[in-house]
Amino acid sequence: MPPPPSVRDIVCGMDLSLITRHGIFATADARGIGLTDNDLKRLVASGECARLTRGWYAPTASPIDSLEQHRLTALALGRQYCGKAAISHYSALIVEGIGTHTAPGVNKTSPG
């Protein structure tokens, strides 16, 4: 017997891998394949996506821990502020996979 369809299949019928880069996608990317804000809310409520920060999401097969949440959020903000700021300090270590002790807020550095 095949597994039951996921909320993503029922609600959207969309393959999020089409818009996911480095484990994240923007609301604008989702809209580009026909997803609405309500579709995204349903995906988050079902646990199939995590909302990282305003306008950024990550597909999730299982709950993500705080370190992975930090890494994905840093990547999202890195894309959002590309050319204006860089992922830095603790966040750069997390993105590069270098172990650390605790996870403060996401760090970015702006020129000037």
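Every number here is computed from the coordinates shown, using simple stated rules; none is lab data. As the structure is a prediction and not an experimental result, all values here were calculated from the model. Glycine gets a Cβ as well: all are built from the backbone with ideal geometry, and neighbour counts include every protein chain shown.
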When the chain is fully extended, how far beyond the present Cα-Cα distance does Ala61 get from Asp37, taking 0.36 nm per residue of separation?
6.6 nm
List, in order, the whole-Hz ³J(HN,Hα) value for each residue of region 50-59 obtained from phi through the Karplus relation with A = 6.51, B = -1.76, C = 1.60 and θ = phi - 60°; use x for Gly and Pro.
10, 7, 8, 7, 3, x, 9, 9, 9, x
What distance in nm separates the simple spin-label points at Arg79 and Arg54, each placed 7 Å from Cα in the Cβ direction?
1.8
Report the trypsin sites (Lys or Arg not before Pro) located in region 26-66 that are in a DSSP loop and have at most 15 other Cβ atoms inside 10 Å of their Cβ, or state none.
Arg54
Per its Cα gyration tensor (rounded if a/c is under 1.5, else prolate when a/b beats b/c, else oblate), region 7-59 is best filed as rounded
When Glu48, Glu68 are arranged by how many other beta-carbons sit within 10 Å of their Cβ, fewest first, they go Glu68, Glu48
